[in-house]
Every structure is written in structure tokens, then in C-alpha cells.
Amino acid sequence: MSPRVAFTPGAMLTGRRAVVTGGAAGIGAAIARSLAAHGADVLVADVDPAGDLDHDPAAGGRLHAIEADVCAQQVHPALIDHRPDILVSNVGHFLRAPQPFTADTAEQWSRLHEINLGHGFRLTHALLPGMTERGRGGSIINLTTVEAHRAIPGHTVYSAYKAALMQFTRSLAAEVGAAGIRVNAIAPDLINSAQVPYDDIVPAEDLPLWPTWSPLGGPGQPEDVAGVALFLASDLSRFVTGSTIHVDGGTHGSGGWVPRAAGGWTNRPRNP
């Protein structure tokens, strides 16, 4: 690590190459645009690459996409050929409406595993050797969720796989740190996205309740997650590894405490 204590102004990722999975829309697209805006050559892998990928190329970055299913058993060769310094494993989903664990099937567990954990293993396994051999260090960023750290009734298996991804992040960080490769995770909550469109699912009469759902109110935006991804991809986080950053308006930190209308706090709301 360089002994410098200050950072050069300007684009933070000039000359670096990134792969972002599920990056054609929502949080993934915001991350991809942010990395490109700071000079990175970003390759997006998505099953539907015709998404929201416009960006300002002023920083010299590049943003392009390929059609690729990262849940396939073989990693798309273009992702390896891109020679990334940055890998953002953004793909993940709970896939279905809430239901009791006893209603699950082994087939559902398998699908949940592939989209939330298995693809991250496979892609990291394919791209990490190149990062190591090139000797430039690198940054691996895994998108988990606040539900990796708390319960989510009706999505028990999903939360278990996301928690496993968080532990994978921590252990791999310890393993590859000597190569200058950092591994961190982001755990979002209450982000208005294509996957969870709060603008559509929260009725107008409930909008005043946002301050009771998180200390910062909400909802958060995909760009809020993208800002943290940019930090983790750049030298701003050069001494950060094995960590999970919560982008949730404070829901994890507050631990279920909500403000009372008359003042004070409660963890036993009478009108949830």
C-alpha cells in the first residue's frame, strides 16, 4: 500500500476494468454508470442487456454490455477476457412471494442458491486468478442484503444464502489480502428499484410513515448504493477489506426501534 495520505483529484478509476453482473437496470445499472463515470472500462453481464446504461463519458470511462446468464454453469468467456480489476456481483433475488419454509421445495432451494450464492462463487473463482496474476490488486464487491443480518419470515432460504455470501466475503478477504485484493460487501435495504419498486407498492397515504421505517426516512435510491460501490472500488477504501457496509437508511443500526408520534422511541409499535 502506498504511504500517501492524500488523494489526487479527478476520476478515481482511470485505467481500471470492471465487471458488473445484473447491471442493466436498477442498483446494478447505477453501480455500472458510477464506475464508468469515474474512468473505468465497465462490462455489464445481464440476461437482458438492453437497459438503463446511458452515462457521461467525460471521465474517459466506457460502459458496454453483453447478454450473459451468470447462473449458467460455465462463466461467459468475455468476462474473463475483460481482465477486470473490479468485480461487482450484484445479481440476487428472492424469486417468489413469501411462503412458509415447509412449503419450499428442493428445486426452489437450488434456484435460490444459484442466483444468490452459487454464481458469486463461480464468477469469483473464474476471475480471481487473473487478478492475482496481473499483480495490480483489485476489488471484489458482493451485494448481500440487510436480511443477511436479520430475519425475513417467508424467505428463510434466501436469507440463509445471503448470510453465507457475507461470510464468503469475510473469509476470502483474509485469504487474498496479501495479493492486494480487497473483498467487501454491501447490504442494502429500503432501496427504490425495479426489484422492489417502493414508489408503486407504498400507497400515498402511507408516505408519511417513512420516518418510522428508517432513521433517515426514505426510500433510498440506486445511486445511494452506487456511491458506496464506487468507494469500495477505488483507492478511497484501500485499507478496507472483509467488511459489509449497510446502505439502509439506518434500519440495521436501529435494530427495530421506531420513533413515537408523541416523542421518544419504541421497539413495540402498536400500529405496525
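Since every read-out is calculated from the coordinates, none of them should be taken as a lab result. The model shown is predicted, which means the values in this text are computed figures rather than measured ones. Neighbour counts run over all protein chains shown; Cβ positions are idealised from the backbone, glycine included.
Laid out as a table, the results:
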| quantity | calculated |
| --- | --- |
| Segment 106-243: C-alpha gyration tensor shape, a/c 1.5 cut-off, then a/b vs b/c | oblate |
| Amide H within-cut-off set for VAL19, under 5 Å, with H built and near neighbours excluded | LEU43, ILE86, LEU87, VAL88 |
| CD proxy at 222 nm, helix term only [per DSSP H run n ≥ 4: -39500 (n - 2.57); per residue of the chain; nearest 500] | -9000 deg cm²/dmol |
| Cα-based helix-to-principal-axis angle, 156-176 vs the chain, degrees rounded to 10 | 30 degrees |
| Per-residue ³J(HN,Hα) for segment 178-186, Karplus 6.51 cos²θ - 1.76 cosθ + 1.60, θ = phi - 60°, Hz, x for Gly and Pro | 5, 8, x, 9, 9, 10, 9, 10, 10 |
| Rounded to 5, percent antiparallel among DSSP beta bridges of the chain | 5 percent |
| Nonlocal amide H pairs with ALA185, under 5 Å, H built at 1.01 Å | ASN142, SER243, THR244, ILE245 |
| Charged-residue dipole, Cβ positions (Lys, Arg, Asp, Glu), the chain about Cα centre, Debye nearest 20 | 980 debye |
| Degrees between helix 119-134 axis and first principal axis of the chain (Cα, 0 to 90, nearest 10) | 30 degrees |
| Karplus (6.51, -1.76, 1.60) ³J(HN,Hα), θ = phi - 60°, over segment 232-248, in Hz, Gly and Pro reported as x | 6, 7, 9, 5, 4, 10, 4, 10, 10, 7, x, 10, 10, 9, 8, 10, 8 |
| Ranked packing of 27-36, 232-241, most packed first, by mean Cβ within 10 Å | 27-36, 232-241 |
| Segment 11-43 and segment 191-217: distance between their alpha carbon centers, rounded to Å | 27 Å |
| Angle between the chain longest axis and helix 26-37 axis [Cα atoms, degrees, rounded to 10] | 40 degrees |
| Debye, to nearest 20: dipole size of segment 123-238, +1 on Lys, Arg Cβ, -1 on Asp, Glu Cβ | 700 debye |
| Cut-off under 5 Å, modelled amide H: who pairs with ARG62 long-range | ALA40, ASP41, VAL42 |
| Projected area, mean over directions - segment 17-266, Cα convex hull, nm² | 14.7 nm² |
| GNM result for the chain, Cα springs below 10 Å: residue of GLY255, GLY118, GLY23 fluctuating most strongly | GLY255 |
